[in-house]
């Protein structure tokens, strides 16, 4: 049963992110991006490599600061927060990284439990990782059951398949008890059938928990099938922001052709 939207609200106002392009000439990874993502929305970011999708996600979770403009999460300007306040905001935003960012020689339970370390102090973090309580393990098991691999609780993570590791990363993000879930190309290393299952799972989880969901995807069919809002990025700018039915083939072709040219 779905919950009413309780997720985070994101607002970007004229955001620019500059990187050193080599040779002393900076390049804009994002250039004047302005958009709002409402609580409980499900949004797919589409566009070619280098278009700014990963940079945009890193802005939303507070791991990248804008060179200009503002990024607001639930009304708080991330550039004005103290380090402690920023940590609390980041702890409320679950992220599934493209490389999954799991520790391979740890058990699955430990990787899942690490999702909540951002909310704990040093000693509590050590205790959770080395001597998890029965309640910790029940919580991890329940999340693994929800993502379909409860039997892997005590398995070493490096013994799992790519699809299983992907589900561990999702369970870890959910263990944060986030208000928003971000995923950066979460299906890039699995076959098409598993990719569809994984994106479907993310959508189900976001509806069940009322989470704001933002996912970057190369697969346009998945984006169209599962997301009611598509944001196309090209050269660090928003090329379109619309429901799938309003984005025709010409718009998708231009998104990639112009970037390649």
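A few remarks follow.
- Computed from Cα positions, the angle between helix 249-260 and the longest principal axis of the chain comes to roughly 90 degrees.
- Taking one quarter of the surface of the convex hull spanned by the alpha-carbon atoms of the chain gives a direction-averaged projected area of 15.1 nm².
- Against the rule of thumb 2.2 N^0.38 Å, how large the Cα Rg of the range 1-123 comes out: 1.19
- Using the Cβ-Cβ distance between residue 142 and residue 103 with R0 set to 30 Å, the FRET efficiency from 1/(1 + (r/R0)^6) comes to roughly 0.90.
- The shape of the range 102-177 comes out prolate: with a ≥ b ≥ c from the C-alpha gyration tensor, a/c is at least 1.5 and a/b beats b/c.
- Only DSSP H runs of four or more residues enter the estimate; each adds -39500 (n - 2.57), and after division by the residues of the chain the mean residue ellipticity at 222 nm equals -11000 deg cm²/dmol.
- Note on residue 246 and residue 81: the model spin-label points, each 7 Å out from Cα along the C-beta direction, lie 3.0 nm apart.
- Residues of the range 80-116 falling in the label zone of residue 159, defined by backbone nitrogen less than 19 Å from a point 7 Å along Cα to beta-carbon, are 102-113.
- Point-to-point label distance, residue 177-residue 123, nm (Cα→Cβ direction, 7 Å offset): 2.1
- Euclidean distance between Cα centres, the range 56-76 to the range 138-155, Å: 32
No lab work stands behind these numbers, since they all come straight from the coordinates. Small disclaimer: the values here were computed from a predicted structure and weren't measured. Cβ atoms come from the backbone with ideal geometry, glycine included; neighbour counts cover every protein chain shown.
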